[in-house]
Amino acid sequence: MTEAEPSRARRLKAASHGVHEGLDNAIMAAKPFSSRETYVEFLRIQQLFHRDIAALYEAPELTALFPDLAERRRYDQVRADLADLGADPADETARPRFVAGQALDLPTALGWLYVAEGSNLGAAFLIKAAAALGLSDEFGARHLAASPEGRANQWRSFTAVLDAPEMTDDEEARVMDGASAAFTRVRGLVDAGFGQGGAADAA
Ligand code: HEM
């Protein structure tokens, strides 16, 4: 990579701009913040996505790169949000995308993590919408909370590490593919999950 090329994070953002917009529109079209019932459907989508990647937050290949990775995990907060609202979680019998203790492809995993960590930027808007339902980072919308150091700082420290490793063209392509697969996964959950009583896990 030459100096003039944009960072990996910027390239990921540019490559996923269209799918992010489509996802954002699909979620908002389902009006997840119009009632606690539809919000619970959104929570089940988040549950299954964060469950898919929960193992990444303790994978030694990744914790070696991101020292604060364990604190970034939001799966437990999503489950707590469901419990706050007295809602049943989505069925978890399907195998998650990443399984603890199994070897992982680091570039692919970085692509998935980019999507999960980036979604915490958009969460700034979502938690404001959730407030209208009486929800907050202490009840029902815990997984949308900002970290103590603030979303922008948390994102900067994440992308600094994401951008650092030297990669071959093939590895770069696997990062992009990982991000693309993560967005596809969330989009699949959104398309299956609203208006049908909760996220149907078709994995
Ligand atoms: C209705 C739902 C959503 C809205 C309104 C939304 C909104 C936003 C906004 C405004 C940003 C930019 C924040 C900033 O630059 O300061 C952002 C970033 C991002 N969002 Fe979303 N988002 C939504 C859902 C999601 C979901 C479900 C995912 C993936 C699971 C996602 C992934 C990302 C990523 C990866 C970024 C970082 C982009 C970058 O700067 O590289 N978003 N979102």
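Read-outs throughout are calculated quantities, based only on the coordinates presented, and are distinct from any laboratory measurement. Treat the numbers as computed from the prediction; the structure is a model and nothing was measured. We place every Cβ from the backbone using ideal geometry, glycine too, and count neighbours over all the protein chains shown.
Listing for the model above:
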| quantity | calculated |
| --- | --- |
| GNM flexibility winner over the chain from Ala132, Ala59, Ala179 (Cα, springs under 10 Å) | Ala132 |
| The range 146-153 - phi-based ³J(HN,Hα) in whole Hz, Karplus 6.51/-1.76/1.60, Gly and Pro as x | 7, 6, x, 7, x, 4, 5, 5 |
| Semi-axes of the equivalent ellipsoid for the range 50-203, Cα gyration tensor, largest first, Å | 26, 19, 14 |
| Whole-Hz couplings from phi, Karplus 6.51/-1.76/1.60, listed for the range 94-101; x for Gly and Pro | 5, 6, x, 4, 10, 10, 4, x |
| At most 15 other Cβ within 10 Å, DSSP loop - GluC sites (Glu not before Pro), the range 24-129 | Glu92 |
| ³J(HN,Hα), Karplus 6.51/-1.76/1.60, whole Hz, each residue of the range 44-61, x for Gly, Pro | 5, 5, 4, 4, 6, 5, 5, 5, 4, 9, 3, 5, 4, 6, 10, 6, x, 4 |
| Overall form of the range 3-109 per C-alpha gyration tensor (a/c, 1.5; a/b vs b/c) | oblate |
| Mean Cα-pair separation over length for the chain, i.e. relative contact order, pairs under 8 Å, 6 or more apart, % | 33 |
| Within a Gaussian network of the chain (alpha carbon springs, distance under 10 Å), most fluctuating of Ser34, Ser136, Ser180 | Ser34 |
| Ordering of 152-162, 16-26 by burial proxy (mean other Cβ atoms within 10 Å per residue, highest first) | 152-162, 16-26 |
| Neighbour-count ranking [beta-carbon atoms within 10 angstrom, fewest first] of Tyr114, Tyr57 | Tyr57, Tyr114 |
| Amide H contacts of Ser136 (H built 1.01 Å from N, under 5 Å, at least 5 apart or other chain) | Ala141 |
| 5 Å binning of all Cα-Cα separations within the range 53-120, expressed as whole percents from 0 upward | 3, 15, 24, 24, 18, 11, 5, 1 |
| Candidates per GluC sites (Glu not before Pro) in the range 148-192, loop by DSSP, up to 10 other Cβ within 10 Å | Glu166 |
